[in-house]
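The values are calculated or read from the model by the stated rules, or taken from the named source; none is laboratory data. Remember, it's a predicted structure, so these values are computed and weren't measured experimentally. Please note: Cβ atoms are built from the backbone with ideal geometry, for glycine as well, and neighbour counts cover all protein chains shown. Note: accessible area is taken over every heavy atom of the protein model, side chains too, but ligands, DNA and RNA are not part of it. Shrake-Rupley method; radii C 1.70, N 1.55, O 1.52, S 1.80 Å.
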Amino acid sequence: MEIVLSTDRMGMDHGSLKCDNINGSNILQFMKKHQIATYQQLLQKSVENIAWYWNAVNEDLGFEWYNHYTQVFDSSEGFPRTKWFLNGKCNIVYNAVDKHARNHPDKIAYIFENERGISKTISYDQLASEVNSLATALKHAGVKKGDTVGIYMPMIPEAFFSMFACSKIGAVHATVFSGFGGQALCSRLRDCNAQILITADTMQRKSQNIDLKERWTKALEGTSVLKIITVGRTDSYNGREIISYSEFIKDYLGISCDTEIMDSEDPLFILYTSGTTGKPKGTVQVHGGYMIVSGQQTSYLIDMKPQDVLFWYADIGWITGQTCVVYGSSLIGGTALVYDGHLDYPDVDTWCKIIQKYKVTIFGMAPTAIRNFMREKTSLDNYDFSTLRILATTGEPINKEAWLWYFENIGKKRCPIINLSGGTEIGGALLSASPIISLKPCTVGFPVPGFDVDVLDNAGRRTRRGFLIVRRPWPSMSRGILENWNRFIETYWSKYGNEVWYHGDIVFVDPADGLWYILGRADDIIKTSGHRIESTEIECAITSHSAVSEVAVIGIPDKIKGEYVTAYVVLKKSFCKPKIKVLKNEIVKIVEDSVGRFACPKNIIFVEDLPRTRTGKLVRRIIKAKVLREKIGSQDLSTIENPESLKYIVPF
């Protein structure tokens, strides 16, 4: 891996890197097949002719259809109602499970391990058998094509069997993150009108048994759920039928189940957004479009091959978990490692041991996790990371110090970091680094091939720094917001008219090399002294201080300036705290030098922790609400992984 120091237009010294061994990458093989010389040429051709591109992706990945589609896409009813792979008949499970069980039955599909060190491997043949048993049982229980099944489970094998079984029979799975409390679960079950819930009684986190049953019994009130299938104890609850998972499938063990023939536009799953901008939205994915995009992103972005072992610490309740770990890995015919627990438990280096033990080749974790391990000063010299060839990260912008730590300490300066950015509504990533391009710290590379993205200012003019938008439809675009089409149009299709998708991210495109950077959310902009500045730009400057682990910056209303900057700072555990006044002055000086005097924080408050969503995103909106003494609803709190952190946010 070659490192060349350079300076970007944001005034930051960055290391530019390029992987030397790229000839075998999936995306490069695709380009050679179609006689495309450069990545930029691929990007251009993929958006100039999206029908050609997505059809070529389907052919390259070798997906099989019961009836091949007759038209790639149709936007005659407007971009928001675009249909994909018209008249095509398929089922994602056929390509993710059935095909591999037939062709490579002994190939390992999943490796499961938990905090107690108990592991289980599942071959594609075993996966197909387990999925068939549960699918047959669900059909005998009356579940039919189009019905919604709620899934509220930790990262255990039965959770994966449940998702595949639903998809196999044409039911729609609505997976809810197991870290959510009863109220968050109830609102989602009610919204998707699930009549069956597949769940577990308990899960273990850091040696503590967490009573999931207490949560879901309370959550059932006001929902349509009539039957509960649980991994664990069974007893009735308010007239609802509760049956153990093992009892539910015992009469159908070894029985085959036909895979339902689905239209390309038939719904596959409902997944709720993380809730950083208010009430979570139920997004809808379909069999055909999502199959193509999840395969594309897993194969071309993180370069997964059948021989790879993917360990991406992403829950099934979030889009990355669905796109890469559940469906993407299995569509490729590879092996995914699933850890049911915290990466730092039972030991702070548990994740290192797992990488070494299972010879992981592709590893991914969120920027928050990376910063936490930096903060712990974990010694990594004794671990063999030689099998790693790709690192990945997503969920929020990553700061330079965390990026370099990840690259140098985990990737040993030879593994490209595939930093992605997209969303639940996207069905994956819009922007991504690539193994075949030169990279710099923090960059999200370029637009993903096939996604016609651009940057506009408030007036709709193209700019280098502004709002991220998409000009043309793509196959995995959410088919609306569940039961709320008007909200879908208002949220995504109104700012620039009904044929431009407004994503809500602020981005910067470096004119020197064309690399893209995520600066933050549009609702995180601070307006001070006539200037507009993204929170993340100030945060990036502050985290460059050697004492700082993490920071959240918000704007506080001010009659003169409009807003003044306030920073909530978490210090590294190993840092010997100097005089607070000295440290504050140093931070202010860094912001002044890096961003400008207008952006210097008026208040710097040191805290033990900051509130974040279950996907690791800082929730500045709730921090600001707490500071301003605004009411924080229980729905907002349900999205926070660590609500106890709010006690450190003291109103002025």
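Data table
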item: Residue among Ile332, Ile319, Ile261 that is closer than 18 Å to Asn95 by Cα and crowded, with 24+ Cβ neighbours inside 10 Å; result: Ile332
item: Filtered residue count, segment 392-416, keeping only those that are open to solvent by less than 10 Å² (accessible area, probe 1.4 Å) and of a type in the set (S, T, N, Q); result: 1
item: Residues of segment 336-346 that turn out to be open to solvent by 10 Å² or more (accessible area, probe 1.4 Å), over 17 Å from Met163 (Cα atoms), touching a residue at least 60 places away in the same chain (Cβ under 8 Å) and not aromatic (Phe, Trp, Tyr), as a count; result: 2
item: Among (1) closer than 15 Å to Glu539 by Cα; (2) more than 30 Å from the chain's Cα centre (by Cα); (3) at pLDDT 90 or above - the single one Asn585 does not satisfy; result: (1)
item: Residue ID - most open to solvent (accessible area, probe 1.4 Å), chosen from residues in segment 483-505 that are in contact with a helix residue (DSSP H, G or I) (Cβ under 6 Å, 6 or more places away or on another chain) and at pLDDT below 95; result: Glu499
item: Helices (runs of 4 or more DSSP H) contained entirely in segment 533-652, each with at least 2 residues that are β-branched (Val, Ile, Thr) and loosely packed, with under 15 Cβ neighbours inside 10 Å; result: 580-594
item: Any chance Gly450 is small (Gly, Ala, Ser), at pLDDT 95 or above, within 21 Å of Thr82 (Cβ to Cβ) and assigned to a loop (DSSP other than H, G, I, E, B); result: yes
item: Some residue of segment 128-142 being modelled with pLDDT under 95 and not hydroxyl-bearing (Ser, Thr, Tyr); result: no
item: Matching entry among Ser207, Ser187, Ser133 (being open to solvent by less than 10 Å² (accessible area, probe 1.4 Å) and of a type in the set (S, T, N, Q)); result: Ser133
item: Residue selected from segment 296-312 under the condition within 15 Å of the chain's Cα centre (by Cα) and in contact (Cβ under 8 Å) with a residue 60 or more places away in the chain, by the criterion nearest to Asn114 (Cα to Cα); result: Trp312
item: Unmet criterion (only one of (1) at negative phi; (2) assigned to a loop (DSSP other than H, G, I, E, B)) for Gly514; result: (1)
item: Segment 19-33, subset open to solvent by 30 Å² or more (accessible area, probe 1.4 Å) and at pLDDT 95 or above, residue nearest to Pro416 (Cα to Cα); result: Asn26
item: Which numbered condition Ile111 fails, given (1) surrounded by 20 or more Cβ atoms within 10 Å (Cβ to Cβ); (2) in contact with a helix residue (DSSP H, G or I) (Cβ under 9 Å, 6 or more places away or on another chain); (3) of a type outside the set (D, E, K, R); result: (2)
item: Selection count where residues are within 23 Å of Pro280 (Cα to Cα) and open to solvent by less than 10 Å² (accessible area, probe 1.4 Å), scope segment 168-182; result: 8
item: Counted residues, segment 44-60 - those being under 21 Å from Leu431 (Cβ atoms) and open to solvent by 20 Å² or more (accessible area, probe 1.4 Å); result: 5
item: Condition met for Phe73 (open to solvent by 40 Å² or more (accessible area, probe 1.4 Å), closer than 30 Å to Arg471 by Cα, in contact (Cβ under 8 Å) with a residue 12 or more places away in the chain and not small (Gly, Ala, Ser)); result: yes
item: Tabulated pairs, segment 628-640, first over 19 Å from Gly181 (Cα atoms), second open to solvent by less than 30 Å² (accessible area, probe 1.4 Å) and at pLDDT 70 or above, C-beta under 9 angstrom, 6+ apart or interchain; result: Leu628/Ile556; Lys631/Ala625
item: Flag if Val470 is open to solvent by less than 10 Å² (accessible area, probe 1.4 Å), among the β-branched types (Val, Ile, Thr) and within 29 Å of Ser434 (Cα to Cα); result: yes
item: Options Arg461, Arg471; residue that is within 26 Å of Arg81 (Cβ to Cβ), more than 22 Å from the chain's Cα centre (by Cα) and either hydrophobic (A, V, I, L, M, F, W, C) or at pLDDT 95 or above (or both); result: Arg471
